[in-house]
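The values are calculated or read from the model by the stated rules, or taken from the named source; none is laboratory data. Quick caveat, the model's predicted, so the values are computed rather than measured. Every residue, glycine among them, receives a Cβ derived from its backbone with ideal geometry; neighbour counts consider all protein chains shown.
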Amino acid sequence: MVRGFNYLHLNGVVHEDIKGQNILIREDGLKIADFGCSKLIHKDDDSVAGKSRFFGTPAYMAPKVSRCEEQGFVADIWSLGCTVIEMAMGCFPWPEIHDPVSALYKIGYSSHDVPEFPSWLSNKAKEFLSKCLLRDAKLRWTAEELMEHSFFRRLEDNCERSKRIHKKISY
């Protein structure tokens, strides 16, 4: 997923509606789907600020997006963090929120709230998520930076090892 975001962002595409429903998991990897809300922007701009756009699913929106302030590359990264939590827990990243307005308020106007990380995740996984879910958009990591994180690198190594083993077994 991080590689997909890196590709999109390098090509100036902001998805604007990342959530579990828009990630298609296949045997050979995954695909990012539903580009109906996506926007093409100049990489140096990194925002769609000033445009009257309000897209996405409230429980996955970054704080600035939920306040209608900006929709940029780092907003996709916030949504990525929420989606990883959803995949790990099997439920929405904010299970205590039951309606879109409450989600917008909690995410947009609380000063410190982020989705709760599953307690059983490794410290490296929690650290990775913390880089995705920094409330200050200027501090939030990019997809390129996340690809250098030790958690991501370890996942990449494990995937490559699994592919080699699967290839040997299938011959």
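Here are the numbers for the structure shown:
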quantity: Unmet criterion (only one of (1) surrounded by fewer than 19 Cβ atoms within 10 Å (Cβ to Cβ); (2) at pLDDT 90 or above; (3) among the aliphatic types (A, V, I, L, M); (4) more than 12 Å from the chain's Cα centre (by Cα)) for Val114; calculated: (1)
quantity: Cβ-Cβ under 6 Å pairs, at least 6 apart or on other chains, the stretch 29-51 side of a type in the set (Asp, Glu), far side modelled with pLDDT of 65 or more and part of a loop (DSSP other than H, G, I, E, B); calculated: Asp46/Gly72
quantity: Count of residues meeting criterion [acidic (Asp, Glu) and crowded, with 24+ Cβ neighbours inside 10 Å] in the stretch 58-76; calculated: 1
quantity: Test: Val74 is farther than 27 Å from Ser119 by Cα, of a type outside the set (Asp, Glu), modelled with pLDDT of 90 or more and part of a helix (DSSP H, G or I); calculated: no
quantity: Any hit, the stretch 90-107, residues being of a type in the set (Asp, Glu), surrounded by fewer than 20 Cβ atoms within 10 Å (Cβ to Cβ), free of Cβ contacts under 8 Å to residues at least 60 places away in the same chain and in a helix (DSSP H, G or I); calculated: no
quantity: Among the candidates Ser79, Ser122, Ser130, residue that is crowded, with 19+ Cβ neighbours inside 10 Å and modelled with pLDDT of 90 or more; calculated: Ser79
